[in-house]
Amino acid sequence: MANLKDIKNRISSVQSTKKITRAMKMVAAAKVKKAENTVKASRPFTNELTIVFKKLLSSVGTYTSETLKIKAAVDNYPKLLQVRPISSAGLLVITSNKGLAGAYNANVIRETIAKVKEYNDQGIKCILFIIGQKGIGPLTKRTKNLNCEIVKTYLTAASEPSPEIARTIIEDIAEYYVSEKIDKIEIITTRFKNMMTYRVENWEVLPLQGINDSYDRLHDNVFESMMIFEPDMHHILQKVVPMFIINIVYQALLEAQASELASRMTAMSAATNNAEKMLKTLSVEYNKTRQFAITQEIIEVVSGANAQQA
């Protein structure tokens with residue numbers, strides 16, 4: 001049986017841990033509500049932008065860059081719309097900068113490894129763009145023996161998502177796509193559902209013609225094929241295409257942040273409850289041990305008194 005000092009030390013340690021987990025739960029709960037509101041407010045814009053973008057694509061016949069001033073790869077929309085045979089695929093993986101978020105990062109990493117192996121089985125190399133500190137180490141280690149390369153990492157984007165950061169990420173990705181270092185790009189992120197639930201998803205980003213219908217499944221109407229463009233369709237697409245793909249990444253960052261905070265709140269709530277249960281168990285053990293020690297002392301005193309009388 002453990003002695004009283006050891007049990008008291010364990011009780012003190014669990015109490016300290018409980019204070020930390022409770023504080024982290026409260027912080028995550030305060031942040032996740034704001035993140036949830038941001039995600040829900042941004043989804044309608046993303047839905048409508050997707051619809052407008054598909055209407056534009058359905059109205060444009062041939063893509064050309066002859067009349068365009070292209071300063072960066074992200075402005076070269078004809079190249080971004082180009083579909084070609086896939087020899088290498090890019091994966092934008094969104095993890096968090098902090099741990100203690102339950103299985104959040106592990107689920108994203110597991111999905112990423114499965115996707116890399118799936119592409120490798122098809123003879124396709126994978127290029128990774130990693131967002132978040134918690135994804136860098138595990139993915140570096142677990143992709144060592146796979147046909148995979150980590151080329152870019154982003155830390156700020158995981159904790160402070162913004163359109164500006166999303167644009168920086170897309171500029172890097174577009175550079176790789178336009179230079180034909182990758183032939184496809186997907187985002188591995190999490191879709192926030194509610195405070196208790198999220199799911200890991202793959203979003204196709206490039207080529208744009210192959211993009212999935214994650215956000216407009218309710219809008220299966222036939223798009224109008226006749227539209228009037230001013231000044232012309234190529235200059236309009238040059239503005240809309242970057243806006244569209246930047247918004248996809250920004251939406252993915254928002255969804256991931258809300259999912260991470262919800263997962264952390266749930267994990268810290270469970271940890272706090274477990275600490276309370278452990279404290280009750282340790283208190284019972286402490287009282288039993290203390291009672292045993294007192295009884296043992298009484299027996300020793302009585303035995304000593306009897307020995308003196310004898």
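The values are calculated or read from the model by the stated rules, or taken from the named source; none is laboratory data. Since the structure is predicted, the reported quantities are computational estimates derived from the model, not experimental observations. Positions of Cβ are generated from backbone atoms using ideal geometry, with glycine treated the same way; all protein chains shown enter the neighbour counts.
Scanning the range 168-183 for residues that are buried (at least 18 other Cβ atoms within 10 Å of the Cβ) and touching a helix residue (DSSP H, G or I) at 6+ places or on another chain (Cβ under 7 Å) yields I169, I170, A174, Y177, V178, I182.
When you look at A157, is it assigned by TED's automatic domain parsing to the domain that holds A89, at pLDDT below 90, in contact with a strand residue (DSSP E or B) (Cβ under 9 Å, 6 or more places away or on another chain) and not in a loop (DSSP other than H, G, I, E, B), yes or no? Here the answer is yes, as A157 does meet what is asked.
Put simply, of L91, L4 the only residue that is touching a helix residue (DSSP H, G or I) at 6+ places or on another chain (Cβ under 9 Å), more than 13 Å from L237 (Cβ to Cβ) and at pLDDT 85 or above is L91.
Any residue that is more than 30 Å from V39 (Cα to Cα) and modelled with pLDDT of 90 or more - is there at least one of those in the range 187-206?
Keep residues of the range 187-206 that are more than 30 Å from V39 (Cα to Cα), which gives none.
No - not one qualifying residue is present in the range 187-206.
Within the range 127-154, restricting attention to residues that are of a type in the set (G, A, S) and assigned to a helix (DSSP H, G or I), the residue that is nearest to A35 (Cα to Cα) is G135. For the range 189-208, a tally of residues being farther than 16 Å from A258 by Cβ and buried (at least 19 other Cβ atoms within 10 Å of the Cβ) returns 3. One residue stands out in the range 1-36 among those that are of a type in the set (G, A, S) and part of a helix (DSSP H, G or I): the one that is surrounded by the most Cβ atoms within 10 Å (Cβ to Cβ), namely A28. Taking the listed residues K117, K98, the one that is over 16 Å from the mean Cα position of the chain (by Cα), of a type in the set (K, R) and either in the same structural domain as E186 (by TED's automatic domain parsing) or not in a loop (DSSP other than H, G, I, E, B) (or both) is K117, with no other qualifying. Considering each residue of the range 40-71, count those that are of a type in the set (G, A, S) and at pLDDT below 80, and give that number. The total comes to 4. Would you say N76 is crowded, with 18+ Cβ neighbours inside 10 Å and under 23 Å from E175 (Cα atoms)? Taking the combined requirement at face value, the residue satisfies it.
Looking at the range 36-48, which of its residues are out of contact with any Phe, Trp or Tyr (no Cβ under 8 Å at 6 or more places or on another chain) and not acidic (D, E)?
N37, T38, K40, A41, P44, F45
Would you mind finding the one in I185, I170, I165 that is within 29 Å of I70 (Cα to Cα) and not in a helix (DSSP H, G or I)? Spell out the reasoning first.
Numbers: I170 fails: not in a helix (DSSP H, G or I); I165 fails: not in a helix (DSSP H, G or I).
I185 is the lone residue from the list that is within 29 Å of I70 (Cα to Cα) and not in a helix (DSSP H, G or I).
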